[in-house]
Amino acid sequence: MKIRVSSRAIVVSVATALVAFAATAAEERPYIRSTELPHLGIDKAQAAAFRTDTVEIKLAPAKQSGWRTEYKVTVNAGDALVYSLTATAPVISEFHNEIKPSGAVMFYREEKATTASHGQFVSPANGEHGWYVANTTDKPVTVTLKLSGYYTVKPGFIEIKS
């Protein structure tokens, strides 16, 4: 006895089997809730909306009064911040933290001559986090720092005596 099966029947049978398998697999796939992994800091509820600030920093030519400054914000452990630093000419840029009460300094990013530095940040500890910027040119430079996240603008600008 010969059985004839068309190629169309085979395709339909395979497709039906794949659909059945996919449905079964979908029912069996595991679900993971971020609350089951709190140590990863995937999601953190906040009492208020995030803030956004744009800070314009005018730097004098290198080695003149006002050629460098520091701008700091206070961020609590586990809170997030995104930032974008741009400059009209190359600047020295250091993004760092001062941990209270020890005063220890942790450097996150150090750049010798940059016109752009962008990133995201989750604070490892309560404290002041900020940017030291210094002009490397013989002309005035404008640095624009855009911030969004959970922080307070404190202490803000830190004067550096030349």
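Every read-out reported here was derived from the displayed coordinates using simple, explicitly stated rules and does not represent laboratory data. Note that this is a predicted model, so its numbers are computed, not measured. A quick note on method: Cβ atoms are made from the backbone with ideal geometry, for glycine too, and the neighbour counts reach across all protein chains shown.
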Quiz item: In which sequence would TYR151, TYR108, TYR83 go, from the one with the fewest C-beta neighbours within 10 Å to the one with the most?
Solution: TYR108, TYR83, TYR151
Quiz prompt | Peptides ranked, highest mean first, by Cβ atoms within 10 Å: ranges 131-141, 62-72 | solution = 131-141, 62-72
Exercise. Please report, largest first and rounded to whole Å, the three semi-axes of the ellipsoid equivalent to segment 110-160, where each semi-axis is the square root of five times an eigenvalue of the C-alpha gyration tensor.
Key: 23, 14, 11
Practice problem: Please list, or write none, the lysines whose alpha carbon is within less than 22 Å of the alpha carbon of LYS112, excluding same-chain residues fewer than 8 places away. | Solution: LYS58, LYS63, LYS72, LYS139, LYS146, LYS161
Practice problem: Could you compute the FRET efficiency for ALA60 and LYS146, with r as their C-beta to C-beta distance and R0 at 30 Å, rounded to 0.05? | Solution: 0.85
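Please state the charge dipole magnitude for segment 68-109, taken about the Cα centre, from unit charges on C-beta atoms (+1 on K and R, -1 on D and E), reported in debye and rounded to the nearest 20. Don't jump to the answer; show the numbers that get you there.
Details: 4 positive and 4 negative charges, 11 e Å.
I would put it at about 60 debye.
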Practice problem: On each of the three principal axes of the Cα atoms of segment 51-158, give max minus min coordinate, whole Å, ordered largest first. | Solution: 40, 27, 20
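Calculate, in nm to one decimal, what ARG109 and THR88 gain on full extension: separation in residues at 0.36 nm each, minus their alpha carbon distance. The partial results should precede the final answer.
Working: separation 21, 0.36 × 21 = 7.56 nm, distance 1.95 nm.
Fully extending the segment from ARG109 to THR88 adds 5.6 nm.
How large, in Å, is segment 83-133 by the Kirkwood hydrodynamic radius built from its alpha-carbon pairs? Could the numbers behind the result be given before it?
Values: mean 1/r = 0.0863 Å⁻¹.
That comes to 11.6 Å for segment 83-133.
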Self-check item: Among 109-116, 42-49, the order from most to least packed when residues are scored by Cβ within 10 Å on average
Solution: 109-116, 42-49
